[in-house]
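Here's the structure we're looking at; comments come further down.
The values are calculated or read from the model by the stated rules, or taken from the named source; none is laboratory data. These numbers come from a predicted model, not from an experiment. Every residue, glycine among them, receives a Cβ derived from its backbone with ideal geometry; neighbour counts consider all protein chains shown. Just so you know, the surface numbers come from the protein's heavy atoms only, side chains and all, with ligands and any DNA or RNA stripped out. Shrake-Rupley method; radii C 1.70, N 1.55, O 1.52, S 1.80 Å.
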Amino acid sequence: MTSADENLQREVAALLVESLNLEIAADAIDPQAPLYGEGLGLDSIDILELALVVSKRYGFQLRSDDENNVRIFSSLASLTRHIADHRTT
């Protein structure tokens, strides 16, 4: 992972904690741990909120009907990779 990727991952972790008011430090999030259910314990409403914040922040649309959502939101690392590949801002 490049330093730019690491920086983006830290940024996304902080965004996740801030936007969802999580009671965990951003640097304590395991990049490979599941976001949904076990792991961070996010539910579908949390994922929708996160998708909205990510869309606004990084300038691309995350759609609820995207067949890749399970993969995209499977972990902090996978979400960060998706953002890196699709961001416009």
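Remind me, relative contact order of the chain in percent, using alpha carbon pairs under 8 angstrom and six or more residues apart?
Working: 89 pairs, mean separation 28.1, N = 89.
This gives 32 percent for the chain.
Kindly identify the chain as rounded, prolate or oblate by the Cα gyration tensor criterion: order the square roots of the eigenvalues as a ≥ b ≥ c, call it rounded if a/c is under 1.5, otherwise compare a/b with b/c, prolate if a/b is larger, else oblate. Since a/c stays below 1.5, the shape of the chain is classed as rounded.
So, for the chain, what is the accessible surface per residue at a probe of 1.4 Å, expressed in square angstrom? Each step should come with its number before you reach the end.
Numbers: 5500 Å² over 89 residues.
Accessible surface, normalised per residue, equals 62 Å².
Considering helices alone, the calculated mean residue ellipticity of the chain at 222 nm is -16500 deg cm²/dmol, with DSSP H runs of length four and up weighted by -39500 (n - 2.57) and normalised per residue. Rounded to the nearest 0.05, the FRET efficiency derived from the C-beta distance between Glu6 and Arg57 at R0 = 25 Å is 0.90. The label-point distance for Glu18 and Thr89, in a model that sets each label 7 Å from Cα toward Cβ, rounds to 1.3 nm.
Per the 1.4 Å probe, what fraction of the accessible area of segment 35-89, in percent, lies on carbon and sulfur atoms? Heavy-atom surface of segment 35-89 belonging to carbon and sulfur, 1.4 Å probe: 50 percent.
At 18 angstrom or more along the helix axis (alpha-carbon based) and mean Kyte-Doolittle of 0.5 or higher, what helices does the chain contain? Whole DSSP H runs only.
Details: long enough: 3-20 (25 Å, 0.11); 44-58 (21 Å, 0.82).
Span-like helices, by this rule, are 44-58.
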